[in-house]
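The values are calculated or read from the model by the stated rules, or taken from the named source; none is laboratory data. Values in this document were obtained by computation on a predicted structure and should not be read as measured data. Because the Cβ atoms are built from the backbone with ideal geometry, glycine has one as well, and the counts that use them run over all protein chains shown. The area values use the complete protein model at the heavy-atom level, side chains included, leaving out ligands, DNA and RNA. Shrake-Rupley method; radii C 1.70, N 1.55, O 1.52, S 1.80 Å.
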Amino acid sequence: EKVRTDPGAAPHALALRFAALEERLASVPGVQAIGVWGRGERFSNYEIEGGPAQVELSNAQCGFGKTDLLRALRVPLLAGRYLQAGDRSPADTGVIINQAMARLCWPGRNPLGGAFRGYTKEGRVRLYTVVGVASGVAFIGAHNAAAFYEPLFATYVDPFQLVFVRTKGDPLRLIPSLCRAMAAAEPDMNRPDIEDLQQNQYDSTSVQRAYMLWLLISGAVGLMLVVVGIYSVLALSVVRRTREIGLRLALGARPRDILVAVLSKGARLIALGIVAGLLASFWLTRLLQHELFGTSRLNPMVWLGAVLLLLGVGVLACYLPARRAAKVAPMEALRYE
């Protein structure tokens, strides 16, 4: 829900207004958690103590306590603690950083207690101290961008605020109740814009999903060509070696020996293809690392699953010609032209 506030109002006055709004929204049946988000004050650059001289960071203002955005969105806290009222100090503001910022500014070190400064074009300075590390919020900044979250209304007041409401069940059914609660807290407020965050996030990834769908279709076609290719090569090999197979069977070879011989030839083709595919994929997946969510391009389970899939499909393609070769009748094979 997008709420417009008076940019000239004092931070403590806005805090009281949002506290009243939070109480109204929390009283709506079905509401589980509430979070508040606002854009933070923009600085031209940031200076990290004991780290890079200057870095570019995204920042946002978050509520704390009952209006804690990270808790409302169930963002995992990896280290430290959540924001508190005492972190809202103009002289030294406590902040929570995401993993990307921790890796960028304090590589290989514990970022808790780390400090950095922000400088405006007018020369004003703000000191920040890291009190927690979270996994990050996808809609703040670019994906995997370094970002930090400071207490709401610390010094800067954003004229637009976002209120996040986590509900039990379908959130769209609570829209009328939420609108009544907000109107009771702010009678002069216009009807707010209400969006389903999950649907919004789903729609925002339409380009990535379309791209991955085409990759999935291409991969499926490639896998089908692999199966057809292996089957065709081995089937042709069995046809050409029919007399040889019949002779071996006549001299005492067991059908299982013929089966193993054909499968071993197919296994060499599969192994060669898997090794070549792994080497090519290791380099090509670098082009996809910015399109991945919830995993990495070097996830061992994904690679193991792909290898097992190719191995299983390849063995099946080899087994059919091998089974046919094992069932060749020796006398018919010897007379085969």
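Residue count for the range 163-185, restricted to those that are touching a strand residue (DSSP E or B) at 6+ places or on another chain (Cβ under 8 Å) and assigned to a loop (DSSP other than H, G, I, E, B): 1.
Close Cβ contacts (under 7 Å, 6 or more residues apart or on different chains) running from residues in the range 176-188 that are within 14 Å of Val163 (Cα to Cα) and at pLDDT 80 or above to residues that are surrounded by fewer than 15 Cβ atoms within 10 Å (Cβ to Cβ) and of a type outside the set (Gly, Ala, Ser) comprise Cys179/Arg191. For the range 245-254, residues that are exposed (fewer than 15 other Cβ atoms within 10 Å of the Cβ) and assigned to a helix (DSSP H, G or I) total 2. Considering the range 191-218, and only residues there that are of a type in the set (Val, Ile, Thr) and open to solvent by 60 Å² or more (accessible area, probe 1.4 Å), the residue that is farthest from Leu288 (Cα to Cα) turns out to be Ile217. Restricted to strands (runs of 3 or more DSSP E) entirely inside the range 89-147, no element has at least 2 residues that are among the hydroxyl-bearing types (Ser, Thr, Tyr) and modelled with pLDDT under 75. Among the residues examined, Ala325 qualifies as touching a helix residue (DSSP H, G or I) at 6+ places or on another chain (Cβ under 8 Å), modelled with pLDDT under 80 and not acidic (Asp, Glu).
For the range 51-72, the tally of residues that are in contact with a Cys (Cβ under 8 Å, 6 or more places away or on another chain) and surrounded by fewer than 17 Cβ atoms within 10 Å (Cβ to Cβ) stands at 2. Of the residues making up the range 262-280, those that are surrounded by 12 or more Cβ atoms within 10 Å (Cβ to Cβ) and of a type outside the set (Gly, Ala, Ser) number 7. Looking across the range 73-94, the residues that are surrounded by fewer than 22 Cβ atoms within 10 Å (Cβ to Cβ) and under 30 Å from Lys168 (Cα atoms) come down to Leu73, Arg74, Val75, Pro76, Leu77, Leu78, Ala79, Gly80, Arg81, Tyr82, Gln84, Ala85.
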